[in-house]
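Visitor: Below are the structure tokens for one structure; questions will follow.
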Amino acid sequence: MKTKEMVFAALFAALIGVLGMIPPIPLGFIPVPITAQTLGVMLAGSFLGKKTGSLSLILFIVLVALGLPLLSGGRGGFSALVGPSAGYILSWPVAAFCIGYSTEKVWSNVKTWKVIVINLVFGVMLVSLIGAPVMALITHTSIWAGLVGATAFLPGDCIKAVIAAIIALQLKAVSPIEEK
């Protein structure tokens, strides 16, 4: 791994931690709050690519597990990774990998709408499809109820998908993703 890739991974782990400083929006009917951190997940995948993007999220999760209060609301520690948000948080490296893989495939002929669709499929739908059932199992509710409750995240996550795609393409010249 190149030094540049390690620096990008560390910077994006820090960026996601900074996005965690934005106060979460608690919902009364689901124990997982709305946060800005999924924007960082989508940015990591669409700007850094599959390898470095997923590595940045793995680093972030390791830092959270060690006790750093990087999650929204100042949460950290292993307990944050076994609570209702666990499925969402643990899906982030998978989402960043899938976003990065798909973005790398279209990088030579990339368009904003393509990256938006990639972010919607993997940054919104995949995270919800992993996170909601895990949340339901942890809270002892039905998986269907968890999936229905997760629809509350859709409007904000769709906006984040568009913002992440626009930012990633504006920074394409300095992205570590290489033309194939």
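The values are calculated or read from the model by the stated rules, or taken from the named source; none is laboratory data. Note that the structure is a prediction, hence the values are computed from the model and not measured. Cβ: placed from backbone, ideal geometry, glycine included. Neighbour counts: every protein chain shown. Note: accessible area is taken over every heavy atom of the protein model, side chains too, but ligands, DNA and RNA are not part of it. Shrake-Rupley method; radii C 1.70, N 1.55, O 1.52, S 1.80 Å.
Visitor: Please say if segment 1-138 is rounded, prolate or oblate, where rounded means a/c under 1.5 for a ≥ b ≥ c the square roots of the C-alpha gyration tensor eigenvalues, and otherwise the choice is prolate for a/b larger than b/c and oblate otherwise?
Guide: Taking the square roots of the gyration eigenvalues as a ≥ b ≥ c, segment 1-138 is oblate.
Visitor: Could you let me know the centre-to-centre spacing of segment 103-137 and segment 70-102, using Cα atoms, in angstrom?
Guide: 15
Visitor: Excluding Ile16 itself, calculate the net charge of residues whose Cβ lies under 14 Å from the Cβ of Ile16, where each Lys or Arg counts +1 and each Asp or Glu counts -1.
Guide: +2
Visitor: Now, a different point. Taking only C-alpha pairs under 8 Å that are 6+ residues apart, what is the relative contact order of the chain in percent?
Guide: This gives 26 percent for the chain.
Visitor: Out of residues 5 or more away from Leu68 or on other chains, whose amide H comes under 5 Å of its own, with H placed 1.01 Å from N in the peptide plane?
Guide: Gly77
Visitor: Now for a different question. Give me the percent relative contact order of segment 120-165, please, defined on Cα pairs under 8 angstrom at least 6 residues apart.
Guide: Relative contact order here is 43 percent.
Visitor: A further question on this structure: So what's the angle, to the nearest 10 degrees on a 0 to 90 scale, between helix 50-65 and the longest Cα principal axis of the chain?
Guide: Relative to the chain, helix 50-65 is tipped by roughly 40 degrees.
Visitor: How far is helix 127-138 tilted, in degrees, relative to the longest principal axis of the Cα atoms in the chain, given as a value from 0 to 90 rounded to the nearest 10?
Guide: Around 20 degrees separate the two axes.
Visitor: Cα-based count: Lys pairs in the chain below 21 Å, eight or more positions apart or different chains?
Guide: So the count of such lysine pairs works out to 29.
Visitor: Any idea of the accessible area per residue across the chain, 1.4 Å probe, to the nearest Å²?
Guide: The answer is 47 Å² per residue.
Visitor: Per DSSP H run of at least 4 residues, take -39500 (n - 2.57); add these up for the chain, divide by its residues and hand me the 222 nm value, nearest 500 deg cm²/dmol.
Guide: -18500 deg cm²/dmol
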